[in-house]
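Notes to accompany the following structure.
Only the coordinates and a few stated rules stand behind these numbers; no lab work does. Predicted model only: the values in this text are computed from it and were never measured. Positions of Cβ are backbone-derived with ideal geometry, glycine not excepted, and every protein chain shown enters the neighbour counts.
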Amino acid sequence: MWSVAETSPFTAEAARAAALIGKANLDSGFFPSRWDRATPAERDYLSAMAQDGEGPSLSGNVAERIGKKITSLGPARAGLINKGLVYSPEHGKVAFTVPGMADFIRRREH
C-alpha cells in the first residue's frame, strides 16, 4: 500500500491497486511453491478441494469429485497434511492452511 498510494489518506483506488499487486506477488511465488511441493495425486486432491472455495471440504465430496473411494485417498490426504498444505479442522473435513489457496488453484486451472 505504501508503494502504491500517491496520497495520504489512502484512497479506495490505491487499496484496489495494492491488492492486485499483492495477489500477483503471491501468485508468482508463495502459492506456486506450495503447489509444486504436492505430488500429482495430491494436486488432484487440492483441485477437488478448491471447488469448495476456502472450505472446509468434506472428505467424501473430495473423493467423489476425484472418482475414487475415500479410503484410497488416505495417502494423498496424509501427505498434504504432513506438508502443511491442508489440515483437518474436524473429523471428515479438510481445509487449506493458508487463505487464498483455493482461489489460486481455480485461477491456474482456468
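Tabulated values for the structure
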item: Burial ordering of GLU109, GLU64, fewest other beta-carbon atoms within 10 Å first; result: GLU109, GLU64
item: Full-extension gain in nm, ILE21 to LEU58, via 0.36 nm per residue minus C-alpha separation; result: 10.1 nm
item: Helix-only CD estimate at 222 nm, as mean residue ellipticity for the chain, using -39500 (n - 2.57) per DSSP H run (n ≥ 4); result: -15000 deg cm²/dmol
item: Degrees separating the helix 40-50 axis from the principal Cα axis of the chain, which is the longest one; result: 60
item: Along each principal axis, Cα extent of the chain, largest first, Å; result: 56, 25, 24
